[in-house]
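S.K.: Questions regarding the structure given below will be posed in turn.
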Amino acid sequence: MKDSIDDIKAILALRPKIAVLTGAGISAESGVPTFRGSDGYWKGKSAEDLASMQGFSQDPHGVWEWYNLRRQKLKDIKPNPGHDALVRLEELASSFTLVTQNVDRLHQQAGSGQVLELHGSIWPVRCMDCDYQEDRFQVDLPAEPRCPDCKGWLRPGVVWFGEALPFGIMEKADHAVRMADLFFIIGTSAVVWPAAGLAWTAREAGAKVVEINLEETPATEVAHISLLGKSGEILPQLL
Ligand code: BV8
Ligand code: ZN
């Protein structure tokens, strides 16, 4: 691992263009359960059942119960050294694009600038029936969140399975990855697409691909360097 970290430091000394893709793993050390780990949110309930339009239509109360539980858990958590290290990494780069699958906004709380939230965020809510929306950051919601304007159901501002990602965001992420000298894929099981595909794009476009994870993932096959361990411990070593 030592020589790999030295290799990365040597590239960082040249003020490279950097792109980063993060997943739930980078927030794990802040106390946020990951999605597919043993403490996963989705234990006992499939992701598609909960985080999908048909899941919500079938059982809006149950889905809001799950999102309100997650909002509760996320309300008091703080960024960890992994998030903080990415803020400092940005200063070493000639250009830096942070792409996240996370919906917790911990990167923004840590001070990261432009963050591309591929899967939206759990904090904003929007109406299913009109264009009302509001960013209820770290604010509790009632069991049955209704639109103040039309009384329609509110939904969390996340991207559900089967839904398109926010317009234009993958093009921005794709462009940043293609331009990058160095691409980090951190704390993601690399099973959700099109987000995970950025690792293959980075490799094909000639970036040096660095994976940081507790274990191997499908993306390990395209990583030049695979650093196994906690992102909150590994990332600060790169600075
Ligand atoms: C779309 C928001 C098309 C909701 C989420 C079959 C094959 C391929 C693809 C598909 C398929 N069938 C369907 C699809 C498409 C589907 C998909 O990819 N499904 C997967 C499950 C097979 N994708 C979609 O539906 C996407 N949309 O394709 O639209 C389209 C186009 C046009 C018009 C209409 C439609 C939308 C996907 C977005 C879904 N929403 N979240 C919510 O949060 O409630 S996804 C959800 O999973 C989260 O966003 C999360 O970020 C994401 C990925 O999970 P990870 O972040 O990787 O977390 P995970 O727990 O899995 O892994 C954690 C990792 O961290 C582990 O590897 C662990 O080892 C590591 N770790 C843990 N601790 C640490 C650590 N690493 C380092 N340090 C630590 N301390
Ligand atoms: Zn409404």
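The values are calculated or read from the model by the stated rules, or taken from the named source; none is laboratory data. As the structure is a computational prediction, the values presented were derived from the model and not from experiment. Ideal geometry is used to build each Cβ from the backbone, glycine not excepted, and the neighbour counts take in all protein chains shown.
S.K.: Could you tell me whether any residue of the range 213-224 is without any contact (Cβ under 8 Å) to a residue 12 or more places away in the chain, of a type in the set (A, V, I, L, M, F, W, C) and either under 20 Å from L92 (Cβ atoms) or in the same structural domain as Q101 (by TED's automatic domain parsing) (or both)?
M.R.: no
S.K.: Suppose we keep only residues that are at pLDDT below 95 and acidic (D, E) within the range 18-62. Which one would you say is surrounded by the fewest Cβ atoms within 10 Å (Cβ to Cβ)?
M.R.: Filtering first and then ranking leaves D39.
S.K.: While we're looking at this one, here's another question. Let me spell it out: the conditions are (1) away from ligand 1 (no atom under 16 Å from the Cβ); (2) among the β-branched types (V, I, T); (3) within 13 Å of the chain's Cα centre (by Cα), and I18 meets all of them except one. Which number is the exception?
M.R.: Condition not satisfied by I18: (3).
S.K.: Condition first: farther than 20 Å from H83 by Cα and either modelled with pLDDT of 95 or more or within 16 Å of ligand 1 (Cβ to nearest atom) (or both). Can you find one or more residues in the range 182-190 that meet it?
M.R.: In the first step, residues of the range 182-190 are kept if they are farther than 20 Å from H83 by Cα; the result is none.
So far as the range 182-190 goes, no, none of its residues is farther than 20 Å from H83 by Cα and either modelled with pLDDT of 95 or more or within 16 Å of ligand 1 (Cβ to nearest atom) (or both).
S.K.: Of (1) over 13 Å from the mean Cα position of the chain (by Cα); (2) not in a loop (DSSP other than H, G, I, E, B), H107 satisfies all except one. Which?
M.R.: Every condition holds for H107 apart from (1).
S.K.: Of all residues in the range 205-221, how many are crowded, with 18+ Cβ neighbours inside 10 Å and not in a strand (DSSP E or B)?
M.R.: Taking the range 205-221 and keeping what is crowded, with 18+ Cβ neighbours inside 10 Å, we get 207-213, 217, 219.
This time we only want the ones that are not in a strand (DSSP E or B), so: 207, 217, 219.
Selection size over the range 205-221: 3.
S.K.: On to the next question. Answer yes if at least one residue in the range 71-92 is near ligand 1 (Cβ under 9 Å from one of its atoms), modelled with pLDDT under 95 and not assigned by TED's automatic domain parsing to the domain that holds D181, and no otherwise. Steps first, answer last, please.
M.R.: First pass over the range 71-92, keeping only residues near ligand 1 (Cβ under 9 Å from one of its atoms): 80, 82.
Then drop every residue that is not modelled with pLDDT under 95, which leaves none.
No: zero hits.
S.K.: Let me spell it out: the conditions are (1) loosely packed, with under 15 Cβ neighbours inside 10 Å; (2) under 30 Å from K78 (Cβ atoms), and G187 meets all of them except one. Which number is the exception?
M.R.: Failed condition: (1).
S.K.: Does D129 qualify as being acidic (D, E), more than 10 Å from ligand 1 (Cβ to nearest atom) and without any contact (Cβ under 8 Å) to a residue 60 or more places away in the chain?
M.R.: Numbers: acidic (D, E): yes; more than 10 Å from ligand 1 (Cβ to nearest atom): yes; without any contact (Cβ under 8 Å) to a residue 60 or more places away in the chain: yes.
It is true that D129 is acidic (D, E), more than 10 Å from ligand 1 (Cβ to nearest atom) and without any contact (Cβ under 8 Å) to a residue 60 or more places away in the chain.
S.K.: Oh, and also: Within the range 150-204, how many residues turn out to be over 15 Å from the mean Cα position of the chain (by Cα), assigned to a strand (DSSP E or B) and free of Cβ contacts under 8 Å to residues at least 60 places away in the same chain?
M.R.: 1
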